[in-house]
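A quick write-up on the structure given underneath.
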Amino acid sequence: MASNGSPEPDQPRRAPAASHAPAPQAGAERRIVLRRDPRHRAPRIVVRMAPFTQHLRARGEAGLIALLAARPDLAAPPPSSVRTLAARAANRASLDRALAGVDAQVLAVLEAVLALDPTGHPAAARGVTVDRVARAVGLDVAQVLGSVRTAHDLALVWTDEPLGAEILASSPTDPAALPELALHPTPGLADVLGPYPAGLGPTLAASLARRSTDAIARLAAEVALPAPDGPAPDDATDLDRLAAHLAEPTVVAALLDAGPPGARAVLDALAWGPPVGRSPAGVAGSETPARTAVEWLLRHGLLAIGDPQHVVLPREVALALRGGRTHARPPVAPAPDGTAVQPSTVDAESAQHAQEAVRLAREVLVRWGQEQPPVLRSGGLGSRELRRLAGQLDVTDETAALAVELAGAAGLLADDGGDPPSFAPTLDTDDWLRLPLPGRWHALAEAWLTTERAAWLVGSRDDRGSLRAALDPESRRPWAPRLRTAALTVLADAGTPAAPTALDPAQVHEVLCWRTPRAAPPLPAVQAVLREAGVLGLVGAGAISSAGRALVAGAADAADVLARALPVAVDEVLLQGDLTGIVPGRPSPELAELLEQAADVESRGAGLTVRFTESSIRAALDSGRSAEDLLSALSRHARSGVPQPLEYLVLDAARRHGHVRVGIASSYLRADDPTLLAGLVEDKALRSLGLLRLAPTVIAAQASPATLLAALRERGLAPVTEDAAGRLVLTEAAPRRVRGPRSRRTGSTPGSAASAAAATLADQAMERRLRRVVKDLFGADRRELAILPGTEPDAVRDVVDPEGTPDPVLSLALLRQAAAEGREVWLELVGPEGITQRRRVRPLRVDAGRVRAVDAEREAELTVAVHRIANVTPV
């Protein structure tokens, strides 16, 4: 923000011609020493081991195994040494993964550590104590200690105390028990959390470093910097003293009291972030109150120039205005005010929904076993086919899509790979159908919980404006399983099995945003997940059911828990004179199969209401049942016998059933009574069938037998199909089955004891693998260590190739370390034309894939993209 007559604008200070390496602080990690190999080989560079690497070594094998288990990406592929592990742990991608799983309090602790102990801060060597972090976030040590342990276990913070892990694990909550334990942020954490942690800007030291020597001297006079006690300091010490003086809250308060009226308002607007504000515009030579206040703040060092249009509030000034706090509100976990519900109500509602979900999936498999819908060229199910299925199931398109997706996720539906392709039930379908209802539900529920498919996206539009279809391969979301488990876990934690608590989606979303603020899901996704959980019976009355709680906990008896919640199966039906029947409860499998064959369902709920019609009775006869068999089966289940109207309906349908027979001519009609075929050839409605009378009792047709059957049944006849020998052919075709993309063992209930044992074996195998990785890591690490002459026996050192490293992970670690220490490095840069140049620079900052550095020889700054760096070599 430059203007005519500006009293003290910031001026970039020219880089010195000779590099000056300041004394190492907390970020100081390397000391270069030349050592000649005893076998007279070329000298190699021996660099002092980084404190973060030293901290990881101090964790020992058990500590590193725990770290690799908590952050498995660090072990893939296995690191070659602890130094490589340290560089990988400080990598941006790995830190992003680790931070995605921490809660808001851990994140606040990390921001506080980073803000109170920034790289290059005069107090960086001392780190930040736990009690200081607690005061900064507004909590006491007892509340914040657990978050500090979590951050330490994930290697997001580290301590130079050799027994830091043991102290954190065993110390009481009394701050006096942690007097010397200092926390440091992991290298690279600042790049991930951004340039303004907790809404705080750059440090005063970094802001003042941009001013010239004369400007610093004038600023020292403006703020009345006390004279030092001792010899005259050099420029660096003078700058540090000035930064420390301006960071004093009393100095900030005194300066603001003496400042213009708008100065305090400007700082208050920036105090809690973001710390960047736009410079007030004005005509050259004109003065406004805002402009006067900003220029006064710049002149007194309470603001700094970010760029020609913006000003930035230094970090220490903001902390002084905040009273030393990094966060306005203490990060405390939310406690949603849910509604208490009766567990019996929850389980009853969820059991009803579970039955319906299993029924819908079964209906999809049965219908598509007879008639397979085509696969779109994009790989999904057409919207017309989905609407047709929803009409057949008498549900909404959304529920039909969920039923289809459940069957597909459970491995019960697959693309048959034909030409043209279609969706068909897999070979596992028959095994699934033979399971009892709780076992079938468990297979669907477990598949829903673990699938990456997002059924709620069906019917929405993608970025290209295309409609997303059911079973679309593009509807996969890798985070969907974590979201389902997290949402159900919130409901499980909200209450107890004896006293469940109902939460609405907004309350669940609030808790999820607290638990994983850097990976918070959108509210519509949470709403969709809870809606699907309700359809599946995992949630009832807004609370998690007993079966849902067992499924999320990984219990082997989730199916048994649902079985106890299901109503007792009844084997009786109340048949009435109006050709309806009522089942007072959940029908038994035998009764359900009978009613499915011989009746149409009118309503479902606490009971089942069905109606017997001529077409439903004819469907039972078509399946191979005789009138006597059907009446006998109904009488076995009828509480008060078979009413006379229903008996007449069955006998009348059977009397007329099969008198007209269809064969293949393409097809033909044959009847013993010529009057039954009278008028068919002349009927204009049947002209499309190509009927031709061959004899009084025989008519040929040009349509297929199935088309002929359907047309005659619409006309009121009851034909059946016969083969060439005149034998009756059942019209119900065998359901089609195809091989699925993967085999699911539906013969045994998922989550059973065998599954639990397999999970235990997998965990043991993972632990053995991590032990081998850590053992090999320490073995390789010991071969890379060297002892410097004239040092203590336990002062180990890292050996680095004198030619530098082209490894991008290690290169970034070297650049961050050089920036922290103020040391120079050699960079091999590849230009746009592919020409490589070698430059000696002093890195200033590594952030967002770019390196900002000072080239002392050219007296200029440069910013380089990381992918342009071919090699980094310490000077």
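Counting heavy atoms of the protein chains only and a 1.4 Å probe, report the per residue accessible area for region 286-346 as a whole number of Å².
Values: 2660 Å² over 61 residues.
On a per-residue basis, region 286-346 sits at 44 Å².
Can you give the local net charge around Val341? Use residues other than it whose beta-carbon is closer than 11 angstrom to its beta-carbon, Lys and Arg +1, Asp and Glu -1. Please report the intermediate quantities before stating the final value.
Details: positive: none; negative: Asp347, Glu349.
Charge balance near Val341 sits at -2.
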query: Any idea how far apart Gln576 and Leu433 come out in nm if each label point goes 7 Å out from Cα toward Cβ?
result: 3.2 nm
- prompt: Quick one: with all protein chains in place, what share of the accessible area of region 251-330 is carbon or sulfur, to the nearest percent (1.4 Å probe)?
  reply: 60 percent
query: Farthest toward the dipole's positive end in region 292-428, which of Gln309, Ala410, Ala335, given Cβ charges of +1 (Lys, Arg) and -1 (Asp, Glu) about the Cα centre?
result: Gln309
- request: Can you pull the one-decimal nm distance between simple spin-label points at Val875 and Val601, each 7 Å off the Cα toward Cβ?
  value: 7.9 nm
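Under a 1.4 Å probe, what is the accessible area of region 601-709 per residue, stated in Å²?
On the way: 5630 Å² over 109 residues.
Dividing the accessible area of region 601-709 by its residue count gives 52 Å².
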query: So what's the gap between the Cα centers of region 624-655 and region 323-346, to the nearest angstrom?
result: 61 Å
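Among residues other than Ala318 whose Cβ falls under 12 Å from its Cβ, what is the net charge (Lys/Arg +1, Asp/Glu -1)?
Around Ala318, the surrounding residues sum to +1.
How much net charge surrounds Leu270 when only other residues with a Cβ under 13 Å from its Cβ are counted (Lys, Arg +1; Asp, Glu -1)? Show your work: numbers first, answer last.
On the way: positive: Arg264, Arg278, Arg315, Arg322; negative: Asp268.
Charge balance in the 13 Å sphere: +3.
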field: 12 Å cut-off, amide nitrogen to a point 7 angstrom out along Asp855 Cα→Cβ, residues in region 818-845
entry: 827-831, 837-842
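Probe of 1.4 angstrom, ligands and nucleic acids ignored: what's the accessible area per residue over region 492-592, in square angstrom?
Working: 4050 Å² over 101 residues.
Roughly 40 Å² per residue, with all protein chains present.
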- prompt: Can you give the relative contact order of region 545-670 as a percent, counting alpha carbon pairs under 8 Å and 6+ residues apart?
  reply: 20 percent
query: From the residues Trp514, Ala543, Ala533, which one has its Cα farthest along the dipole of region 467-551 in the positive direction, the dipole being from +1 and -1 charges on Cβ of Lys/Arg and Asp/Glu about the Cα centre?
result: Trp514
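For Cα pairs less than 8 Å apart in space and 6+ apart in sequence, what is the mean separation divided by the residue count of region 809-875, i.e. the relative contact order in percent?
Dividing the mean separation by the residue count of region 809-875 yields 34 percent.
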- prompt: How much length is gained if the chain between Ala142 and Ala340 is pulled fully straight, taking 0.36 nm per residue apart and subtracting their Cα-Cα distance, in nm to one decimal?
  reply: 68.2 nm
field: Cα→Cβ-extended label distance, 7 Å offset, between Arg713 and Ala685, nm
entry: 1.6 nm
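Give me the percent of accessible area attributable to carbon and sulfur for region 584-643, probe 1.4 angstrom. Display every interim value, and only then the final one.
Numbers: 1310 of 2760 Å².
Solvent-exposed carbon and sulfur of region 584-643 make up 47 percent of the total.
Evaluate the relative contact order of region 432-569 (contact order divided by residue number), counting alpha-carbon pairs under 8 angstrom at least 6 apart; express in whole percent. Numbers along the way, then the final one.
Details: 142 pairs, mean separation 30.9, N = 138.
Value for region 432-569: 22 percent.
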- prompt: If R0 is 22 Å, what FRET efficiency do you get for Ala221 and Ala244 from their C-beta distance, rounded to 0.05?
  reply: 0.85
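What's the carbon and sulfur percent of region 353-392's accessible surface, probe 1.4 angstrom, rounded to a whole number? Intermediate values should be presented prior to the final figure.
Values: 880 of 1960 Å².
Answer for region 353-392 is 45 percent, counting heavy atoms of protein chains only.
The values are calculated or read from the model by the stated rules, or taken from the named source; none is laboratory data. Small disclaimer: the values here were computed from a predicted structure and weren't measured. Every residue, glycine as well, gets a Cβ built from its backbone with ideal geometry; the counts of neighbours run over all protein chains shown. For the accessible areas, the whole protein counts, side chains as well, though only heavy atoms, and no ligand, DNA or RNA atoms are used. Shrake-Rupley method; radii C 1.70, N 1.55, O 1.52, S 1.80 Å.
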